[in-house]
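Below: the structure, in structure tokens.
Since every read-out is calculated from the coordinates, none of them should be taken as a lab result. Keep in mind that what you see is a predicted model, and the values were worked out from it rather than measured. Don't worry about glycine lacking a Cβ; one is built from the backbone with ideal geometry, like all the others, and counts go over all protein chains shown.
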Amino acid sequence: MKIFKAIIFFFLYLIFTNSIAADKSKIINKLNSIDNIQFNFIQTTNQKVEKGKCTLAFPSKLKCIYKDKNKKELIINKKMMAISQKRYGKTLFYPLSKSTFISILSKNELINIINESKLFVDDYINIVFIDKNDNKTLIKFNKKNFLLAGWISSDQYNNQIIFNIEITSINQIVNDDIFSLPNKS
């Protein structure tokens, strides 16, 4: 009986291990076919919910327009992030190196993270990534189509940021000018 249980456990372990490897492979294949995505998002930080639309172009370009009264925009262009509140004519600049965005926005880095990190499945296929500064990010992928579904991370003040996305289009023509950072005043 013990041998029978051991054999069943071994086969279940092999099936589970092969399933994880297959999911990682499907996510990577999907990522390799994508140059850019447009998506709607819901961002939750400390009970504050913000919504908007983004365009992500690999590598490392992102523009998000928030649906709020301050006309907030976020632009990331390779190594710099700018957050503007057009209503007030105010823009803050941050080096991208201080953000967990850098790993998600670079397709090659994201693929390396997927290959090297642990995966677990609940409502999503989840990749847990811990960077060199011990910052933890949970990257979520859709179980049905293996597309990016969002992430959970912390900002520099240790606020948890939940960023859920719904992809609306893939590989559309995108004018690179939309990723131009505003001038520093």
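Search region 167-181 for residues being exposed (fewer than 13 other Cβ atoms within 10 Å of the Cβ) and not hydroxyl-bearing (S, T, Y), and hand back the single one that is farthest from A57 (Cα to Cα). Per the stated criteria, the residue is D177.
Among the residues making up region 39-68, a single one is closer than 18 Å to N159 by Cβ, among the hydroxyl-bearing types (S, T, Y) and either crowded, with 18+ Cβ neighbours inside 10 Å or within 13 Å of the chain's Cα centre (by Cα) (or both): Y66. Looking only at residues in region 47-100 that are hydroxyl-bearing (S, T, Y) and assigned to a strand (DSSP E or B), the one that is farthest from L31 (Cα to Cα) is T91. In the set F163, F146, only one residue is buried (at least 18 other Cβ atoms within 10 Å of the Cβ), closer than 21 Å to M81 by Cα, aromatic (F, W, Y) and in contact (Cβ under 8 Å) with a residue 24 or more places away in the chain; that residue is F163. Residues in region 67-117 that are in contact with a helix residue (DSSP H, G or I) (Cβ under 8 Å, 6 or more places away or on another chain) and in contact (Cβ under 8 Å) with a residue 60 or more places away in the chain: I75, I76, N77, M80, K107, L110, I111, I114, N115.
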